[in-house]
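Novice: I'd like to ask some things about the structure below.
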Amino acid sequence: MRECVNGVGSGAIRLDRVWMTYHTREAETVALADINLEVAPQEFVAVVGPSGCGKSTVLSLVAGLIRPASGSVRLWGEAVAGPSGHVGYMLQQDCLYEWRTILGNALLGLEVKRAVTRESVEMVRRMLAAYGLGEFERHYPRHLSGGMRQRAALIRTLATRPDVLLLDEPLSALDYQTRLEVSEDLYRIMRAERLTALMVTHDISEAIAMSDRVLVMSRRPGRIKSSHRISLTCERQTPIGRREAPEFRTYFNAIWKELTEDGHAVAGGSERAGGHEWAPAAV
């Protein structure tokens, strides 16, 4: 794991007083306003908020794909000046190349970095085997289910050994049952690899079930409205097990209230877990 340098902060990810503005011929749009955010090493933080509030813009800033209008973005204490090999970015779609085998897709990031060696190929094969795809390494993406494809995409991202993982609605393209199954895989892999993660999602339940902390953003211009430290009492610390915790509904209702007060409906209006179904309590 990398350590912070120059004594700047203790977070793996840190945004200080970040503003982001987009310009067109017709107008200027303020996407983010005074964002202050810190993610500790090995912490899993989820960000929820209305559509268009700038959640994905935050990920793009951390990834070094864009620069803020003002403020600072740091990884491990170092200013982000562009894309970094220490950051993995997983999108909504798996983006697997249909003409490449699963092994070939999983090796793509290493190929781009010119880091394919006999040892790295064996490492990727071990990861495929460990996460249930070993027997499919010579198959093509069309032969896999949606959940298996997302698992392959995650292994492709992890193969480059990132310190920080950015997740932009990684499960949104999957049906409900598959989302639950893949969330279990993702959670297990993230914890096993001891990664720092920042995930954007519209699904409140998903955010609570998977993360250590949930940040709530306002509508545009996006600001951090609140931070919820998630502490759940349950026998199984997995996304499905955590949904059974007695505190789960309390967190859900609190976050739901904040978002609906902002005048926007969000995903997660009814919840199914362990055979139960409920809607948010009246608030």
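Novice: Pairs needed: first member in the stretch 51-64, surrounded by fewer than 24 Cβ atoms within 10 Å (Cβ to Cβ); second member anywhere, acidic (Asp, Glu) and not in a loop (DSSP other than H, G, I, E, B); C-beta distance under 7 Å; at least 6 residues apart or different chains.
Specialist: Listed pairs, sorted by first residue: 56/168; 59/168.
Novice: Quick one: residue 235 ticks every box in (1) within 20 Å of residue 200 (Cα to Cα); (2) touching a helix residue (DSSP H, G or I) at 6+ places or on another chain (Cβ under 7 Å) except a single one, so which number is it?
Specialist: All conditions are met except number (1).
Novice: Give the stretch 238-259 a look and list any residue that's within 18 Å of the chain's Cα centre (by Cα) and not in a helix (DSSP H, G or I), or say none.
Specialist: The answer is 238, and nothing else.
Novice: Consider residue 46 carefully, then state whether it is surrounded by 21 or more Cβ atoms within 10 Å (Cβ to Cβ), under 16 Å from the mean Cα position of the chain (by Cα) and modelled with pLDDT of 95 or more.
Specialist: Taking the combined requirement at face value, the residue satisfies it.
Novice: Find all pairs meeting these conditions: Cβ atoms under 6 angstrom apart; at least six residues apart or on different chains; first residue within the stretch 149-174 and free of Cβ contacts under 8 Å to residues at least 12 places away in the same chain; second residue of a type outside the set (D, E, K, R) and assigned to a loop (DSSP other than H, G, I, E, B).
Specialist: Listed pairs, sorted by first residue: none to list.
Novice: Can you list residue pairs whose Cβ atoms sit under 9 Å apart, with the first residue in the stretch 175-188 being assigned by TED's automatic domain parsing to the domain that holds residue 208 and the second being outside any helix (DSSP H, G or I) and acidic (Asp, Glu)? Count only pairs 6 or more apart in sequence or on different chains.
Specialist: Close Cβ pairs satisfying both conditions: 179/203.
Novice: Which one is farthest from the chain's Cα centre (by Cα) among residues in the stretch 117-132 that are among the aliphatic types (A, V, I, L, M) and at pLDDT below 90?
Specialist: If we filter the stretch 117-132 for residues that are among the aliphatic types (A, V, I, L, M), which is where we start, we get 121, 123-124, 127-130.
Adding the requirement that they be at pLDDT below 90 leaves 127, 130.
Details: 127: 20, 130: 21 Å.
For the stretch 117-132, the residue satisfying everything is 130.
Novice: May I pose another question? Hey, could you check the stretch 49-87 for residues that are charged (D, E, K, R) and closer than 30 Å to residue 204 by Cβ and say which is farthest from the chain's Cα centre (by Cα)?
Specialist: We begin by selecting, within the stretch 49-87, every residue charged (D, E, K, R); these are 55, 67, 74, 78.
The next check asks that each one be closer than 30 Å to residue 204 by Cβ; those that pass are 55, 74.
Working: 55: 11, 74: 18 Å.
Taking the candidates together, the pick is 74.
Novice: Additional query: Applying the selection to the stretch 163-175, what residues are modelled with pLDDT of 90 or more and assigned to a loop (DSSP other than H, G, I, E, B)? Walk me through how you get there before you give the answer.
Specialist: Within the stretch 163-175, the first condition is being modelled with pLDDT of 90 or more, and the residues that meet it are 164-168.
Residues satisfying the conditions do not exist here.
Novice: While we're on this one: Going by what's in this entry, would residue 261 be described as over 11 Å from residue 48 (Cβ atoms), in contact with a Gly (Cβ under 8 Å, 6 or more places away or on another chain), of a type outside the set (Ser, Thr, Tyr) and modelled with pLDDT under 95? Before you say what the answer is, go through the steps one by one.
Specialist: Working: over 11 Å from residue 48 (Cβ atoms): yes; in contact with a Gly (Cβ under 8 Å, 6 or more places away or on another chain): no; of a type outside the set (Ser, Thr, Tyr): yes; modelled with pLDDT under 95: yes.
Taking the combined requirement at face value, the residue does not satisfy it.
Novice: Which numbered condition trips up residue 100, out of (1) closer than 21 Å to residue 188 by Cα; (2) touching a residue at least 24 places away in the same chain (Cβ under 8 Å)?
Specialist: (1)
Novice: Something else about it: If you take the residues in the stretch 29-51 that are assigned to a loop (DSSP other than H, G, I, E, B) and in contact with a strand residue (DSSP E or B) (Cβ under 7 Å, 6 or more places away or on another chain), which one is nearest to residue 239 (Cα to Cα)?
Specialist: 43
Novice: Is it true that some residue in the stretch 79-95 is of a type in the set (Gly, Ala, Ser), touching a residue at least 24 places away in the same chain (Cβ under 8 Å) and surrounded by fewer than 16 Cβ atoms within 10 Å (Cβ to Cβ)? Give the derivation first.
Specialist: Looking only at the stretch 79-95, we keep the residues that are of a type in the set (Gly, Ala, Ser), and these are 79, 81-82, 84-85, 88.
Those still in the list that are touching a residue at least 24 places away in the same chain (Cβ under 8 Å) too: 85, 88.
Among the residues that remain, those that are also surrounded by fewer than 16 Cβ atoms within 10 Å (Cβ to Cβ) are: 85.
Scanning the stretch 79-95 turns up at least one residue that is of a type in the set (Gly, Ala, Ser), touching a residue at least 24 places away in the same chain (Cβ under 8 Å) and surrounded by fewer than 16 Cβ atoms within 10 Å (Cβ to Cβ).
Novice: Now for a separate question. Please list, ordered by first then second residue, the pairs with beta carbon atoms under 8 Å, 6 or more apart or interchain, first in the stretch 23-47 and within 21 Å of residue 75 (Cβ to Cβ) and not assigned by TED's automatic domain parsing to the domain that holds residue 208, second of a type outside the set (A, V, I, L, M) and crowded, with 21+ Cβ neighbours inside 10 Å.
Specialist: Sorted first by the residue in the stretch 23-47, then by its partner, the list stays empty.
Novice: Further question on the same structure: Residues to consider are 146, 82, 77; find the one that is at pLDDT below 90 and assigned by TED's automatic domain parsing to the domain that holds residue 43. I'd like the intermediate steps shown before the answer.
Specialist: Details: 146 fails: assigned by TED's automatic domain parsing to the domain that holds residue 43; 77 fails: at pLDDT below 90.
Residue meeting the stated conditions: 82.
Novice: When the residues of the stretch 48-104 are filtered to those that are hydroxyl-bearing (Ser, Thr, Tyr) and touching a Phe, Trp or Tyr at 6+ places or on another chain (Cβ under 7 Å), which remaining residue is farthest from residue 140 (Cα to Cα)? Before you say what the answer is, go through the steps one by one.
Specialist: Filtering the stretch 48-104 down to residues hydroxyl-bearing (Ser, Thr, Tyr) leaves 51, 56-57, 60, 70, 72, 84, 89, 97, 101.
Pick out the ones that are also touching a Phe, Trp or Tyr at 6+ places or on another chain (Cβ under 7 Å) and you get 70, 101.
Working: 70: 45, 101: 5 Å.
Once the filter is applied, the top-ranked residue is 70.
The values are calculated or read from the model by the stated rules, or taken from the named source; none is laboratory data. Quantities reported herein were computed from a predicted structural model and do not represent experimental measurements. Neighbour counts run over all protein chains shown; Cβ positions are idealised from the backbone, glycine included.
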